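The values are calculated or read from the model by the stated rules, or taken from the named source; none is laboratory data. Quick caveat: nothing in here was measured; it's all calculated off a predicted structure. Quick reminder, even Gly has a Cβ in these numbers, built from the backbone with ideal geometry, and neighbours come from all protein chains shown. For the accessible areas, the whole protein counts, side chains as well, though only heavy atoms, and no ligand, DNA or RNA atoms are used. Shrake-Rupley method; radii C 1.70, N 1.55, O 1.52, S 1.80 Å.
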Amino acid sequence: MDLRRLRYFTAVAEELHFGRAAERMHVVQSAVSQQVKLLEEELGFPLLERSRQKVRLTLPGEVFLPEARDILRRIEEATHRARASADGSIGRLAIGFVDNVLWSLLPPMLQVFRARWPEVELTLYPLDRTAQIEGLRGSVIDIGIIPSPPPGHGIETALLVEAPLVIALPDGHRLAGTPSLALAALADEPFVLFPRKMGSRILDIMVAAFATAGFAPKVAQEAEQLHTLLALVSAGLGATLVPEWVARTQHPGVAYSRVEDHLTPYELLTAWKAAPDNPAIAAFREIATTVAGKKIPQSIQPGALVKIGDSNLETRSRGHY
């Protein structure tokens, strides 16, 4: 059925006047009359009674009018949703991330994205670097936030944020509150670190920095989660190093100091499968890059962690942070 005929019929039925309906549709009156007549012929019964004085709906016309309106409304809605899905403003987006992104980076990204694209359904997966790369290649996730280096082999990346690592000390430690420290000052201190088996990028940077400073760390305890390491620091079991953005989030019992030594910056990348078919990926990348650029602190100050809310978090494997 020609949708134009439905539109012309609806205009005449609402105006009860062919001339006014034609003006409303921005066409000549004869075009409206012809299309309504063709619609009646297609249906096999009259929709309108015409006279010199007035136009009124027949009983079938009264029944057909709300159905015609509903069809046109649904066509308009379907067109809107199809266009929205094409530009990424509606649809689904699965995001993978390593756990240190939860500290001051990811929450504001999600807030801004949801404010701008409220009809995109977000699914969040806390995954290690290896699991994210596998998830991207298997289309389990659409975009990931992973530590460098770029994985290559069909996965495209862009630098999201880079920052130095900072020292986390128990707030009762004799050096707590010192604005900056040389790593050598901690040579005799216990450390709480990620296990070597995890292949953590943070741990690799730390080990190299300790070697340059002339000592091997005394490992008092190991843990696979950043929040667990900070809990151990808070309990006084030792020191550790964390990305600078983590220091923006106040953790009870933990004090932060800058590192005077030269450390390799810790980098996070956005990663996505080459030639993506989900336009929401580009929208999230743009927002993530903008938010991350604004959120890296100029000085180490505690800040509030924004809650993710009711997002669907599915815990997978851990490591490679």
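Points to keep in mind about this one:
- Estimated vicinal HN-Hα couplings, Hz - the range 187-196 in sequence order (Karplus 6.51, -1.76, 1.60; Gly, Pro = x): 4, 9, 8, x, 10, 10, 9, 5, x, 4
- For the chain, with +1 on Lys and Arg beta carbons and -1 on Asp and Glu, the positive-most of Val233, Met198, Ile287 along the dipole: Ile287
- Spacing of the two label points (7 Å from each Cα toward its C-beta) at Leu72 and Arg114, in nm: 3.8 nm
- Radius ratio Rg over Rh of the chain, counting only Cα atoms, Kirkwood formula for Rh: 1.30
- Most positive-pole-ward Cα, Ile71, Ala11, Val27, against dipole of the range 1-71 from beta carbon charges: Val27
- The range 105-156 and the range 161-197 have Cα centres separated by 30 Å.
- Amide proton proximity set for Ser104, modelled H, under 5 Å, gap of 5+: Val306
- Within a Gaussian network of the chain (alpha carbon springs, distance under 10 Å), most fluctuating of His26, His262, His153: His26
- The Cβ shell under 13 Å around Val166 holds other residues with a net charge of -1, Lys and Arg each +1, Asp and Glu each -1.
- Prolate/oblate/rounded call for the range 156-200, Cα gyration tensor, a/c under 1.5 rounded: oblate
- Note on the chain: helix-only mean residue ellipticity at 222 nm, from DSSP H runs of 4+ residues weighted -39500 (n - 2.57) and normalised by residue number, equals -12000 deg cm²/dmol.
- Residues whose amide H falls under 5 Å from that of Ala239, counting only those 5 or more places apart or on a different chain, are Phe191, Val192, with hydrogens built in the peptide plane.
- Accessible solvent surface per residue of the chain, calculated while the other protein chains remain in place, 1.4 angstrom probe, Å²: 50 Å²
- Most fluctuating residue given options Glu189, Glu267, Glu23, as computed from a GNM of the chain linking Cα atoms under 10 Å: Glu23
- Spacing of the modelled spin labels on Ser180 and Ala82, each 7 Å from Cα toward Cβ, amounts to 6.0 nm.
- Divided by 2.2 N^0.38 Å, where N counts the residues, the Cα radius of gyration of the range 141-244 comes to 1.19.
- Solvent-accessible area, 1.4 Å probe, carbon plus sulfur percent, for the range 42-137: 52 percent
- Rounded to 0.05, the FRET efficiency of the Asp261 and Thr290 pair, given R0 = 41 Å and the Cβ-Cβ distance, is 0.85.
- Residue among Gly214, Gly253, Gly91 with the largest mean-square fluctuation in a Gaussian network model of the chain, springs linking Cα atoms under 10 Å: Gly214
- For a label point 7 Å along the Cα-to-beta-carbon line of Leu59, residues of the range 9-50 with backbone N under 16 Å: 45-49
- Cα gyration tensor category, rounded, prolate or oblate, for the range 194-273 with a/c compared to 1.5: rounded
- Backbone geometry of the range 223-230 corresponds, through the Karplus equation with coefficients 6.51, -1.76 and 1.60 at θ = phi - 60°, to 3J(HN,Hα) couplings of 7, 8, 10, 4, 5, 5, 4, 5 Hz, x marking Gly and Pro.
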